[in-house]
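Data block below; observations after.
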Amino acid sequence: MSHSVAQHSTSVEKAQKNDQPASAVLSTLTQPGLPGNEIITSVDTYVPPKRTWKSYIWSTLDVPKDEAKFLTKLDITLITSAALGVMIRYLDQVNITNAFNSGMKEDLELYGNELNFANALWSAAYVFGQIPSNLILTRVNTARYIAFLEFAWTAFTFGTSAVKNKNQLYAVRFFVGLFEAGHFPAVMYVCSSYYKPHELARRNSLIQIFVSVGPLFSGFLMAAVFAGMDGVRGWPGWRWMYIICGAISLPCAAWTFFAMPQLPGRAKPNWVFSQAEIDLAKARMPTEKKFYTGLFKWKDIKRWHTTWHVYLFPFYFLCAGQIGQAGGSMIFWVKSYNVEGKPNVFSVAEINIIPLGINVITIVGA
């Protein structure tokens, strides 16, 4: 036993000295007492590959084939489901603005502060749902929970197409905000459990691009739906837009259900990842080998609140959010040129499309 352990240690040292690209070292330990002293192999020692200039282009270019294959599988499943989930979240979040400026205001007689109240209820639910949702993450199958959130707000997106008055609108917007609250933190939680910081940075940029793709798509969608479906079966275009938004969100949520992996500490072999790849995921991220569900301790809470990240990043996020509000408000400014009793300056399609230049610039900047 000691001889085989010594051999294993030597193999690790050789791999490190020679800068071998092996991502993991297989330990071969003989266990006396078993017939023939069978060899038991496991991936328990990870030797990080030496980073080269190629990693600045994409992280899979300078890692061994087995690790590159694993990361590619993650990109195809985790990153696509995360990006699509973020896209439909913002699509179903901002589509009320497009609907309001495309007939909802007149149909539901929202001539006062009703839109502000609806948005305020969404925001209140979003704030209220943050902490409970993040606590739930430590107790459930995280991937399934994210899919549940997407299915839930999609159901209320469909429901918005049938609202008859402002109170019904308030109710559905509250629940959309409640279920959207825990989505982005959960997605980042899963991604950071699989990817190293330098790997996650580029992939997070891709996810952030889809933050702007949602509103961008919503504007074009409303313009197209109003032009082609307004009045079909007696329904105005904005109601059809909610049905189509739901129809887009539904398959994205289904993809999340089937594709997004569980956290490494709880993952099991499935149609995408083998047991060896799950072991590799744990070896790459040592903190994820065991799934912790313990209660918080006061020392942990103190440590969280004495780090500069807690204060700087929320302030940065607040500033970024306020800047983003300007883009969301431009559609009202464009529509204000249409004065009742006079010929319209801008059509419904133009009202929805003109402000989208801000989203295009945001995507390029990301």
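For this structure, a couple of remarks:
- Percent of alpha-carbon pairs separated by more than 20 Å within region 186-252: 48 percent
- Here's the picture: charge each Lys and Arg Cβ at +1 and each Asp and Glu Cβ at -1 in region 195-270, and of 256, 225, 238 the one pushed furthest to the positive end of that dipole is 256.
- Counting only the Cα atoms, region 65-365 fills a convex hull of 148 Å³ per residue.
- Distance histogram for region 130-246 (every C-alpha pair counted, 5 angstrom bins, percent rounded to whole numbers): 2, 10, 15, 17, 18, 15, 10, 7, 4, 1, 0
- Note on region 61-152: Kirkwood radius taken over Cα pairs, Stokes-Einstein applied at 20 °C and 1.002 mPa s, translational D equal to 129 µm² s⁻¹.
- Pairwise FRET efficiency - residue 333 versus residue 268, Cβ, R0 = 41 Å, nearest 0.05: 0.20
- Neighbour-count order for 319, 252, 245, fewest beta carbons within 10 angstrom listed first: 319, 252, 245
- Contact order normalised by residue count of region 193-282, Cα under 8 Å, 6+ apart, percent: 22 percent
- The residues 305, 183, when put in order of fewest to most other Cβ atoms within 10 Å, stand as 305, 183.
- Neighbour-count ranking [beta-carbon atoms within 10 angstrom, fewest first] of 58, 153: 58, 153
Where a number appears in this text, it was derived from the coordinates with a stated rule and is not lab data. If you're wondering where the values come from, they're calculated on a predicted model, not measured in any experiment. Quick reminder, even Gly has a Cβ in these numbers, built from the backbone with ideal geometry, and neighbours come from all protein chains shown.
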